[in-house]
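Below: one structure, written as structure tokens.
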Amino acid sequence: MRKQLLLYVLLALSITACIKEYSYQEPEPPELFRCSDERLKPIAKALWAVEQETPFMGKFREVYGKPLWDYADVLEEDNQVCYFVPLLHERCDRSIETIWFFYLENGILHYAPISRDTKGMAGTDQVGVFDLKSYDVFGADNASGLIFKDPPAETRVWADHYYDCKAAYAGYDGAEGFKGITCKYKRIWIEIIDEVEDESGGGEGSCINTGGGAETGYEGGGGSNSSSASTAAPKASSIFRNSRMTETNWKTLERMIEKIEKDCVGSNLYNGLKQALGGKTLSIQFVAPKEGSSFNFDGNTAGIKLTTDMESNQLFHEMMHAFQAYQETESSYKASLLNKEIEARYAQYQYVKKLKEFSGSKWEKQYTKTSVGIAIREIGRVIDNKGYIRSGLFEENLTIQVELAKKQIQKVNDYSKLSFDKKKSGSDTFANLRTLSKGC
């Protein structure tokens, strides 16, 4: 999707050139994708092209609000361009609570809707940017009551990477109380997008999907009966159920499964899970990115939650958990949740690193720059991609590596209290991967 959107950006620019040369009148995009700033038009047009192929704006607007392109700020420096596009939601009275942040670097466009309470944002001085954008949109009548002016001359020199500084005041004209200086510190915004330490399978910030074809683009509302689901997505509807899911969502899910099946282990995973279910299906639900993807199992019912920005490797991860759950008793499964998490993450790593879009992606960064990702990658020094101990190494080596991965994962809040079965050997941890690797 990242490559796809980059292509759309280049296409939008080339179309502009063609219009000038041949006087062709391109159809006007709808209001949600229209802006007057020439610097933003290629991005808006690229998103409009994505919307035409795989509708997403309906759900996006429902969750985050509509983009106010003409109130956007653009910062350019060192071959890097940052865009701050305020999002207006009807539930927020005279206040901007979310900003659609984009940055363009080395020809790749990254983005995320970032809110005041987004992980990495809350508690920083950058929360003032939301008040500043509220003032830009609503003027002095904004919900915070703050007004912003150019800062005093003696305060206009700031540390590296601070830009567009404004002085905040409270009160009324003639009786204003100085509240401090608000600047845009772009590094914090970029780090939120690049941040993958949440490793829960669906972070707040994400690069535009790099998968072959549009994997994202889930839409909300509507419904589909079982017959339409089986027609639109025969593979997906064989293992998943959701009577309210739209045909568009079913087709998107189907494409992800088809992509997973192109991998030998992925194909065995799909067919193995289908066989384990024995004609039954897992419930599936799509949730906001901040909720995170997950697999839930109570012995009687099982289901998967997927974030609306997820990619095929995240679906692979949750399908792996579902397969694990059906290979042993409920009590045994629940007593070794962290063991299962380590196996699922390692299997996911083996899957995603083979994808053509892996190089330079956020996933490559995860396995080279985060403590959890590095710990998972390092397991590969002891076992191969099928889960077998490498020649010259021993069970003790694998036990040590599993223990290191366990400690790193436990540092992540959502996983700190997961059960870990110490009685299982290192090899036991990767038994399902070995099963799924047969014939590969």
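The values are calculated or read from the model by the stated rules, or taken from the named source; none is laboratory data. Please read all numbers here as calculations on a predicted model, not as lab measurements. Here the Cβ is made from the backbone with ideal geometry for all residues, glycine too, and neighbour counts use every protein chain on show.
Answer yes or no as to whether Leu355 is crowded, with 17+ Cβ neighbours inside 10 Å, over 25 Å from Leu315 (Cβ atoms), assigned by TED's automatic domain parsing to the domain that holds His317 and in contact with a Gly (Cβ under 8 Å, 6 or more places away or on another chain).
Working: crowded, with 17+ Cβ neighbours inside 10 Å: yes; over 25 Å from Leu315 (Cβ atoms): no; assigned by TED's automatic domain parsing to the domain that holds His317: yes; in contact with a Gly (Cβ under 8 Å, 6 or more places away or on another chain): yes.
Answer is no for this residue.
One line per residue, one yes/no per condition, for (1) of a type outside the set (A, V, I, L, M); (2) modelled with pLDDT under 85; (3) not assigned by TED's automatic domain parsing to the domain that holds Pro86:
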site	(1), (2), (3)
Pro29	yes, yes, yes
Phe33	yes, no, yes
Lys41	yes, no, yes
Trp48	yes, no, yes
Glu62	yes, no, no
Leu68	no, no, no
Tyr71	yes, no, no
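Which of the residues that make up the range 123-134 are without any contact (Cβ under 8 Å) to a residue 60 or more places away in the chain, surrounded by fewer than 22 Cβ atoms within 10 Å (Cβ to Cβ) and either within 14 Å of Ile181 (Cβ to Cβ) or of a type in the set (Asp, Glu) (or both)?
Residues satisfying the conditions are Val127, Gly128.
Which of the following residues is at pLDDT 85 or above and closer than 18 Å to Leu75 by Cβ: Val137, Val129?
Working: Val137 fails: closer than 18 Å to Leu75 by Cβ.
None of the other options fit; the residue is Val129.
In the range 237-265, how many are crowded, with 20+ Cβ neighbours inside 10 Å and either over 30 Å from Arg434 (Cβ atoms) or not assigned by TED's automatic domain parsing to the domain that holds Lys280 (or both)?
6
If Glu53 satisfies all but one of (1) at pLDDT below 85; (2) of a type outside the set (Val, Ile, Thr); (3) over 24 Å from Tyr185 (Cα atoms); (4) more than 21 Å from the chain's Cα centre (by Cα), what's the number of the condition it fails?
Only one criterion is unmet by Glu53, namely (4).
For the condition at pLDDT 80 or above and either more than 22 Å from Glu38 (Cα to Cα) or outside any loop (DSSP other than H, G, I, E, B) (or both), what is the one hit in Cys165, Cys82? Explain how you work it out, then say what you get.
Details: Cys165 fails: at pLDDT 80 or above.
Within the list Cys165, Cys82, the selection yields Cys82.
Look at the range 293-333 and say how many of its residues are part of a helix (DSSP H, G or I), in contact (Cβ under 8 Å) with a residue 40 or more places away in the chain and in contact with a strand residue (DSSP E or B) (Cβ under 8 Å, 6 or more places away or on another chain).
Going through the range 293-333 one residue at a time, the tally reaches 5.
Restricting to the range 401-440, what's the tally of residues that are free of Cβ contacts under 8 Å to residues at least 60 places away in the same chain, among the hydroxyl-bearing types (Ser, Thr, Tyr) and crowded, with 19+ Cβ neighbours inside 10 Å?
The total comes to 0.
Condition first: modelled with pLDDT of 90 or more and under 30 Å from the mean Cα position of the chain (by Cα). Now tell me which residues in the range 412-434 satisfy that.
Within the range 412-434, Ser419, Phe420, Thr429, Phe430, Ala431, Asn432, Leu433, Arg434 meet the criteria.
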